[in-house]
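Student: Once you've had a glance at the structure underneath, I'll fire off some questions.
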Amino acid sequence: MSTTPGRKQIHLAAHFPGVNSTTVWADPRSGSQIDFSSFEHLARTAERGLFDFFFLAEGLRLREHNGRIHDLDVVGRPESITVLNALAAVTDRLGLAGTVNATFNEPYELARRLASLDHLSAGRAAWNVVTSSDAFTGENFRRGGFLDRADRYTRAAEFLATARELWDSWTPEGRQRPFVHSGPQFGIEGEFTVPRSPQGHPVVIQAGDSAEGREFAASAADVVFTRHSTPEAGREFYADVKGRLARYGREPGDLKIMPGVTYVLGDTDAEAQEHAGEIRRQQVSPQNAILALEQIWGRDLSGYDPDGPLPDIDPDPDSTLVQGRVRVADPVGVARKWRALSEAKGLSIRQTVVESTSRQSFVGSPGTVAAALEEFVATDAADGFILVPHLTPGGLDDFVDRVVPLLQERGVFRTEYSGTTLRSHLGLPEPVWKG
Ligand SMILES: Cc1cc2nc3c(=O)[nH]c(=O)nc-3n(C[C@H](O)[C@H](O)[C@H](O)COP(=O)(O)O)c2cc1C
């Protein structure tokens, strides 16, 4: 790997987009969200760009909005680990990360599937451990939404510890030993069917943001996927989470922090800004503006004109209008902020949503964006980025063609993969075998 000594290296990952308002569906280049060829295109592009990993989110139930399937949800997307196994066959070095819930699965079954992916991909598997936040999703499962918030992390922590016991039940030399796990959440024993995989333990990613989530990440994760994507919020989050590591005998480099970010490129900064404005208007169509407003207000606002003023009624804090999606913690406070913005600038509903929900983290010429990415990482606001393109499947092409070479010139990004496993791309320590 050619790097410049002393310069902090950037880690990059590619998020397969879709289930959110970032995606521009109306663009003629917007392709299938469910065909294997779309997953393959993005993964191959990420590998061409020497990215650390490809990332898939998970939705276990189609979200509902006012009793109907949410307009921006994707119907028919295949299950994540199955897609990653297929991608293992068409890529060589790229890490393959899947989001899988710890609340509704069982450690034995999931540990087997992840160890199998690690074998089939020769050491490239990663698991984003999520806990899910709503009973609505839980209704799809036998026991329903049976855990409250604190218990979900208790279960997730024991789930992960149990999976690691299973992965450690085979010695690195290939000897298999029976396992016994006896704890408050799981009492299981037997023999694990999958030999120790190339990484020993697949890489573990964590994405919760509460105090419990951060503590869980500090104690047990290798990577944190965070929403803190501005330099100020990033630095605060970074210091907070890295500051929790020593308590667990861990070094700051043992946990990588990677915010989800978006970007818009242009030949010049001015062109990129103009393009960014167009994308924002496409993301927030008149219909999406009302959907976004209803998500905050928790009320049917279909009678409102997207080009007119904001509703003067307050949100319903206990609303169940939106199901399967985390509602903002303080809808009344957010509504007040949006109203104040709209009044101060004379903005319509649609313009207010465009201004308030803009998710464009890096906008500019390739040189401007490369410099901003380097600065973000050099000032400890992150260790790298999970890029969320606004187009599927070609949204990463321009980044790989135009920004990656500049990061390489700056000496902050690899010019070739130096190892074969995801753990080695991320510079993570080997897991200690606990026999
Ligand atoms: C950046 C980010 C991405 C997430 N992606 C998913 C996902 O794909 N599927 C899912 O079920 N939950 C996802 N979550 C939800 C969290 O993992 C977690 O279950 C939820 O935020 C509750 O945890 P908390 O209270 O610690 O925030 C995501 C959260 C964050 C911050």
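Student: Would segment 230-253 turn up any residue that is of a type outside the set (Lys, Arg), more than 16 Å from the ligand (Cβ to nearest atom), touching a helix residue (DSSP H, G or I) at 6+ places or on another chain (Cβ under 9 Å) and not in a helix (DSSP H, G or I)?
Tutor: Initial filter on segment 230-253 (of a type outside the set (Lys, Arg)): 230-234, 236-241, 243, 245-246, 248-249, 251-253.
Checking the rest, the ones that are also more than 16 Å from the ligand (Cβ to nearest atom) come to 231-232, 239, 243, 245-246, 248-249, 251-253.
With the extra rule that they be touching a helix residue (DSSP H, G or I) at 6+ places or on another chain (Cβ under 9 Å), the set shrinks to 231, 243, 245-246, 248, 252.
Still in the list and also not in a helix (DSSP H, G or I): 245.
So far as segment 230-253 goes, yes, one or more of its residues are of a type outside the set (Lys, Arg), more than 16 Å from the ligand (Cβ to nearest atom), touching a helix residue (DSSP H, G or I) at 6+ places or on another chain (Cβ under 9 Å) and not in a helix (DSSP H, G or I).
Student: Answer yes or no as to whether residue 372 is among the aliphatic types (A, V, I, L, M) and surrounded by fewer than 22 Cβ atoms within 10 Å (Cβ to Cβ).
Tutor: Working: among the aliphatic types (A, V, I, L, M): yes; surrounded by fewer than 22 Cβ atoms within 10 Å (Cβ to Cβ): yes.
Criteria met by residue 372.
Student: Just one of the numbered conditions (1) surrounded by 17 or more Cβ atoms within 10 Å (Cβ to Cβ); (2) among the hydrophobic types (A, V, I, L, M, F, W, C); (3) within 9 Å of the ligand (Cβ to nearest atom) is not true of residue 211; which one?
Tutor: Among (1) surrounded by 17 or more Cβ atoms within 10 Å (Cβ to Cβ); (2) among the hydrophobic types (A, V, I, L, M, F, W, C); (3) within 9 Å of the ligand (Cβ to nearest atom), residue 211 violates only (1).
Student: Which condition number in (1) within 16 Å of the ligand (Cβ to nearest atom); (2) part of a strand (DSSP E or B) is the one that residue 363 fails?
Tutor: (1)
Student: Oh, and also: Residue by residue through segment 326-354, note down the ones that are open to solvent by less than 70 Å² (accessible area, probe 1.4 Å) and either touching a residue at least 40 places away in the same chain (Cβ under 8 Å) or outside any helix (DSSP H, G or I) (or both). Step through it out loud before you land on a result.
Tutor: Initial filter on segment 326-354 (open to solvent by less than 70 Å² (accessible area, probe 1.4 Å)): 327-328, 331-335, 338-342, 346-350, 352-354.
Selection gives 327, 328, 338, 346, 347, 348, 349, 350, 352, 353, 354.
Student: Hey, another quick one. For residue 426, state whether it is among the aliphatic types (A, V, I, L, M), under 18 Å from residue 263 (Cα atoms) and under 21 Å from the mean Cα position of the chain (by Cα).
Tutor: Values: among the aliphatic types (A, V, I, L, M): yes; under 18 Å from residue 263 (Cα atoms): no; under 21 Å from the mean Cα position of the chain (by Cα): yes.
It is false that residue 426 is among the aliphatic types (A, V, I, L, M), under 18 Å from residue 263 (Cα atoms) and under 21 Å from the mean Cα position of the chain (by Cα).
Student: How many of the residues in segment 162-183 are within 27 Å of the chain's Cα centre (by Cα) and open to solvent by 40 Å² or more (accessible area, probe 1.4 Å)?
Tutor: 2
Student: State all residues of segment 378-407 that are open to solvent by 30 Å² or more (accessible area, probe 1.4 Å), in contact (Cβ under 8 Å) with a residue 12 or more places away in the chain and either of a type in the set (Asp, Glu) or farther than 30 Å from residue 280 by Cα (or both); if no residue qualifies, say none.
Tutor: Listed by number, the residues that qualify are 380, 397, 398.
Residues checked against (1) open to solvent by 50 Å² or more (accessible area, probe 1.4 Å); (2) touching a strand residue (DSSP E or B) at 6+ places or on another chain (Cβ under 9 Å); (3) not β-branched (Val, Ile, Thr):
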{"site": "199", "(1), (2), (3)": "no, yes, yes"}
{"site": "215", "(1), (2), (3)": "no, no, yes"}
{"site": "226", "(1), (2), (3)": "no, yes, no"}
{"site": "239", "(1), (2), (3)": "yes, no, yes"}
{"site": "262", "(1), (2), (3)": "no, yes, no"}
{"site": "287", "(1), (2), (3)": "yes, no, yes"}
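Student: Something else: Which one of the conditions (1) part of a loop (DSSP other than H, G, I, E, B); (2) of a type in the set (Val, Ile, Thr); (3) touching a Phe, Trp or Tyr at 6+ places or on another chain (Cβ under 8 Å) does residue 404 fail to meet, given that it meets all the rest?
Tutor: The single condition residue 404 does not satisfy is (1).
Student: Still on this structure, please answer the following. For the structure I just gave you, tell me whether residue 50 is open to solvent by 10 Å² or more (accessible area, probe 1.4 Å), within 24 Å of residue 222 (Cα to Cα) and aliphatic (A, V, I, L, M). If you could, list the steps in order and put the result at the bottom.
Tutor: Details: open to solvent by 10 Å² or more (accessible area, probe 1.4 Å): yes; within 24 Å of residue 222 (Cα to Cα): yes; aliphatic (A, V, I, L, M): yes.
Criteria met by residue 50.
Student: Could you check segment 125-148 and list, in sequence order, the residues that are near the ligand (Cβ under 10 Å from one of its atoms), more than 30 Å from residue 432 (Cα to Cα), at pLDDT 75 or above and out of contact with any Lys or Arg (no Cβ under 7 Å at 6 or more places or on another chain)?
Tutor: Our first condition is that a residue be near the ligand (Cβ under 10 Å from one of its atoms); within segment 125-148, this holds for 128-134, 137.
Remaining after also requiring more than 30 Å from residue 432 (Cα to Cα): 133-134, 137.
If we keep only those that are at pLDDT 75 or above as well, we get 134, 137.
Matches in segment 125-148: 134 only.
Student: Further question: List pairs: first in segment 234-262 and under 21 Å from residue 424 (Cβ atoms) and in contact (Cβ under 8 Å) with a residue 24 or more places away in the chain, second acidic (Asp, Glu) and within 16 Å of the ligand (Cβ to nearest atom), Cβ under 9 Å, 6+ apart or cross-chain?
Tutor: 253/383; 254/222; 255/222; 255/383; 256/222; 256/383; 257/383; 258/383
Student: Here's another thing I want to ask about it. Among the candidates 159, 186, single out the residue that is open to solvent by less than 50 Å² (accessible area, probe 1.4 Å), within 16 Å of the ligand (Cβ to nearest atom) and not assigned by TED's automatic domain parsing to the domain that holds residue 327.
Tutor: On the way: 186 fails: within 16 Å of the ligand (Cβ to nearest atom).
Exactly one of 159, 186 is open to solvent by less than 50 Å² (accessible area, probe 1.4 Å), within 16 Å of the ligand (Cβ to nearest atom) and not assigned by TED's automatic domain parsing to the domain that holds residue 327, namely 159.
Student: Are any of the residues in segment 174-184 under 20 Å from residue 224 (Cα atoms) and in contact with a Phe, Trp or Tyr (Cβ under 7 Å, 6 or more places away or on another chain)?
Tutor: Narrowing segment 174-184 to residues under 20 Å from residue 224 (Cα atoms): none.
No, segment 174-184 contains no residue that is under 20 Å from residue 224 (Cα atoms) and in contact with a Phe, Trp or Tyr (Cβ under 7 Å, 6 or more places away or on another chain).
Student: With respect to residue 38, is the statement that it is among the hydroxyl-bearing types (Ser, Thr, Tyr), on the phi < 0 side of the Ramachandran plot and away from the ligand (no atom under 13 Å from the Cβ) true? Don't jump to the end; show me each part of the working.
Tutor: Working: among the hydroxyl-bearing types (Ser, Thr, Tyr): yes; on the phi < 0 side of the Ramachandran plot: yes; away from the ligand (no atom under 13 Å from the Cβ): yes.
It is true that residue 38 is among the hydroxyl-bearing types (Ser, Thr, Tyr), on the phi < 0 side of the Ramachandran plot and away from the ligand (no atom under 13 Å from the Cβ).
Student: Can I ask one more? Can you name the residue in segment 284-311 that is within 25 Å of the chain's Cα centre (by Cα) and among the small types (Gly, Ala, Ser) and, of all such residues, is modelled with the lowest pLDDT?
Tutor: 285
Student: So residue 63 clears everything in (1) within 20 Å of the chain's Cα centre (by Cα); (2) open to solvent by less than 50 Å² (accessible area, probe 1.4 Å); (3) within 27 Å of residue 201 (Cβ to Cβ) except one condition, right? Which one?
Tutor: (3)
Student: While we're on this one: Tell me, please, whether a residue that is in the same structural domain as residue 39 (by TED's automatic domain parsing) and more than 30 Å from residue 417 (Cα to Cα) can be found in segment 115-124. Before the answer, list the steps.
Tutor: Within segment 115-124, the subset in the same structural domain as residue 39 (by TED's automatic domain parsing) is 115-124.
From what's left, more than 30 Å from residue 417 (Cα to Cα): none.
The answer is no, given that none of the residues of segment 115-124 is in the same structural domain as residue 39 (by TED's automatic domain parsing) and more than 30 Å from residue 417 (Cα to Cα).
Student: Moving on. Name the one entry in 56, 110 that is within 16 Å of the ligand (Cβ to nearest atom) and more than 18 Å from the chain's Cα centre (by Cα).
Tutor: None of the others qualify; the one that does is 110.
The values are calculated or read from the model by the stated rules, or taken from the named source; none is laboratory data. No experiment lies behind these values; they were computed from the predicted model shown. No Cβ is skipped: glycine too gets one built from the backbone with ideal geometry, and neighbour counts run over all protein chains shown. Please note that ligands, DNA and RNA were not included when accessible areas were found on the heavy atoms of the full protein model with its side chains. Shrake-Rupley method; radii C 1.70, N 1.55, O 1.52, S 1.80 Å.
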